[in-house]
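The structure appears below as structure tokens.
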Amino acid sequence: MGSLLKNSYTIDLPPGALVKNNAVTWETKGKKKTGTLSKGGKVLCQSDVWIAQFVDEEGKLKRVSTKTKDRAAANRVLVRLENEVSLVRNGVTSRADLTRASTANTPTAEFLEKYKTKMIAEGTTGKHIKGSFQRIEELIGFCKAESLSGITRLKIESWIAKEVRSGVRSNRTINAYVIALKSFTKWCRENDFITSDPLVLIKNLNESVNKRKDRRSLSEEEIKRLFAATHERKYRKCNKAEEHELIYRLLIGTGLRSKELGLSTPSQFDFEKNRFRVKAEKTKNRKDDVLPLRPDLVARLKSWVETHKVGTGDRIFKYSVASLRHSFIRDCKAAGIELKSPDGRSIDVHSLRRTFGTMLARAGVPLTTTQRLMRHSTPELTAKLYIDVEPIDMQQAVD
């Protein structure tokens, strides 16, 4: 036979508390609280919520919160839990089926909160969590899924079709939304919150079609013009031309992302061995790494650090991603470089990273080495997104 009880815990004696015959009374947030003073000077308290204590189908003693302060309501929860044990013992149902049945009417928001806790526990960055939940919540809103049963393959495919027809989002962006939700439903299935994953059969769209941004790398001739135009351009601050030229040279010569370079400090550079230590907290893939650098770039950077007396732990460059983007556009225009070519491909700051990968490929560097230098998860990603192979390159290879 099960029973109801309340959890006990101890706290320090609250300021202003009244003590009479070991009975302690105090107020917190306008509510009256009571407890018992122990010999050690602590106050022994009881939780407001009732706990159901019973023996499960395996003979183990279980304690489950009834989530109510009302004893009668708590007793009804206890009776339900004992009836479930009886059904499992007699083979009428299984514990897994009961668990899934109990979650059928549970609000989706409760599972989302648990999923967020799981992501935090795995070390997922706040930025990634925020982006994932923005996508998940939009799709759940479209499905009007107040419970997990409302998330269906048919509804999500309807959302995909709507987005494809509108043409507002690229296939890559649409995939990112669906992948975020599929990760959530997969986690729900793994934890037996649902009997099957409703989205497991949905395939990704072809990201080569309906691209919003198709970058290209810069040619060697364009790189020279960019450096020259940047060096000659007039800035309000006298050292900005030199700074931006050095930034462009470093981005093209290292493959670093603009944000990674913008957050870098002298302590990350080994000026003797020509190496750069990538810190996980400053990277996209959240991994530490060590990259080799060209000696001429290291010499230029060392001179800049010494000339401007940059502290060991200070940022070398003080730009923001937005300010660098605006300066890059102006420098490209000054150099006569088209931001968008006739074939629809465009140039932006991130194109400098693509240029790095393309230059490595043209120099005959093996794809796996290029992948490591660019810190990609697979060689396929490097080849697909970060290397431009022009017809003339293929012709030269054949010749």
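The values are calculated or read from the model by the stated rules, or taken from the named source; none is laboratory data. Values in this document were obtained by computation on a predicted structure and should not be read as measured data. Here the Cβ positions follow ideal geometry from the backbone for every residue, glycine too, while neighbour counts run over all protein chains shown. When the accessible area is computed, the model is the full protein with side chains, heavy atoms only, and any ligands, DNA or RNA have been set aside. Shrake-Rupley method; radii C 1.70, N 1.55, O 1.52, S 1.80 Å.
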### Query
Taking only pairs six or more apart or across chains, which ones have beta-carbon atoms under 6 Å, a first residue in the range 44-71 that is over 16 Å from Gly2 (Cβ atoms), and a second residue that is acidic (Asp, Glu)?
Lys69/Asp48
### Query
Are any residues in the range 8-29 open to solvent by less than 70 Å² (accessible area, probe 1.4 Å) and either at positive phi or polar (S, T, N, Q) (or both), and if so, which ones?
Thr25, Thr28
### Message
Anything in the range 112-121 that is open to solvent by 100 Å² or more (accessible area, probe 1.4 Å) and within 11 Å of the chain's Cα centre (by Cα)? List them, or say none.
### Response
Ile120
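Residue by residue, here is whether (1) under 17 Å from Asn83 (Cα atoms); (2) aliphatic (A, V, I, L, M); (3) modelled with pLDDT of 90 or more; (4) under 41 Å from the mean Cα position of the chain (by Cα) holds:
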position: Leu5; (1), (2), (3), (4): no, yes, yes, no
position: Asn21; (1), (2), (3), (4): no, no, no, no
position: Lys29; (1), (2), (3), (4): no, no, no, yes
position: Lys39; (1), (2), (3), (4): no, no, no, no
position: Val55; (1), (2), (3), (4): yes, yes, yes, no
position: Arg63; (1), (2), (3), (4): yes, no, yes, yes
position: Asp70; (1), (2), (3), (4): no, no, yes, no
### Task
Restrict the check to the range 342-361 and report whether at least one residue is hydroxyl-bearing (Ser, Thr, Tyr), open to solvent by less than 70 Å² (accessible area, probe 1.4 Å), over 20 Å from Arg216 (Cβ atoms) and at pLDDT 90 or above.
no
### Message
Name the residue that is least open to solvent (accessible area, probe 1.4 Å), counting only residues in the range 39-53 that are over 26 Å from Arg76 (Cβ atoms) and in contact with a Ser or Thr (Cβ under 7 Å, 6 or more places away or on another chain).
### Response
Val43
### Candidate set: the range 127-148, residues that are exposed (fewer than 14 other Cβ atoms within 10 Å of the Cβ) and more than 16 Å from Asn175 (Cα to Cα); chosen: the one modelled with the lowest pLDDT
Lys127
### Task
Could you please give the count of residues in the range 199-227 that are open to solvent by 40 Å² or more (accessible area, probe 1.4 Å), in contact with a helix residue (DSSP H, G or I) (Cβ under 8 Å, 6 or more places away or on another chain) and over 30 Å from Ile347 (Cα atoms)?
2
### Query
What number goes with the only condition from (1) under 29 Å from Glu190 (Cα atoms); (2) touching a Cys at 6+ places or on another chain (Cβ under 7 Å) that Ile11 does not pass?
(1)
### Of all residues in the range 325-334 being closer than 13 Å to Ser351 by Cβ and not β-branched (Val, Ile, Thr), the one that is surrounded by the fewest Cβ atoms within 10 Å (Cβ to Cβ)
Arg325
### Query
Could you list, in sequence order, the residues of the range 149-180 that are within 19 Å of Thr108 (Cβ to Cβ), open to solvent by less than 30 Å² (accessible area, probe 1.4 Å) and either small (Gly, Ala, Ser) or within 20 Å of the chain's Cα centre (by Cα) (or both)?
Gly150, Tyr177, Val178, Ala180
#### Entry: Test result for Leu81, in contact (Cβ under 8 Å) with a residue 60 or more places away in the chain and part of a strand (DSSP E or B)
no
### Query
Can Ser258 be described as modelled with pLDDT of 85 or more and more than 15 Å from Arg375 (Cα to Cα)?
no
### Message
Condition first: open to solvent by less than 30 Å² (accessible area, probe 1.4 Å), of a type outside the set (D, E, K, R), farther than 15 Å from Pro292 by Cα and without any contact (Cβ under 8 Å) to a residue 24 or more places away in the chain. Now tell me which residues in the range 228-272 satisfy that.
### Response
Ala241
### Query
Here is a list of conditions, (1) surrounded by fewer than 16 Cβ atoms within 10 Å (Cβ to Cβ); (2) more than 16 Å from Ser3 (Cα to Cα), and Val88 meets all of them except one; can you say which number that is?
(1)
## Note on the structure
Residue pairs qualifying under the 6 Å Cβ cut-off, at least six apart or on distinct chains, with the first in the range 356-368 being closer than 14 Å to Leu385 by Cα and the second being modelled with pLDDT under 85 and among the acidic types (Asp, Glu), are Thr358/Asp388
### Task
Among the residues of the range 273-320, write down those that are part of a loop (DSSP other than H, G, I, E, B), within 28 Å of His376 (Cβ to Cβ) and either open to solvent by 60 Å² or more (accessible area, probe 1.4 Å) or modelled with pLDDT of 90 or more (or both).
Lys273, Asn274, Lys284, Arg286, Lys287, Asp288, Leu293, Arg294, Arg315, Ile316, Phe317
### Task
Please find, among Thr124, Thr99, Thr106, Thr93, the residue that is in contact with an Asp or Glu (Cβ under 9 Å, 6 or more places away or on another chain), assigned to a loop (DSSP other than H, G, I, E, B) and surrounded by fewer than 16 Cβ atoms within 10 Å (Cβ to Cβ).
Thr93
#### Entry: Residue among Leu373, Leu381 that alone is part of a helix (DSSP H, G or I), of a type outside the set (Phe, Trp, Tyr), touching a residue at least 40 places away in the same chain (Cβ under 8 Å) and open to solvent by 30 Å² or more (accessible area, probe 1.4 Å)
Leu373
### Query
Looking at Thr370, Thr382, which is the one that is at pLDDT below 90 and in contact with a His (Cβ under 6 Å, 6 or more places away or on another chain)?
Thr382
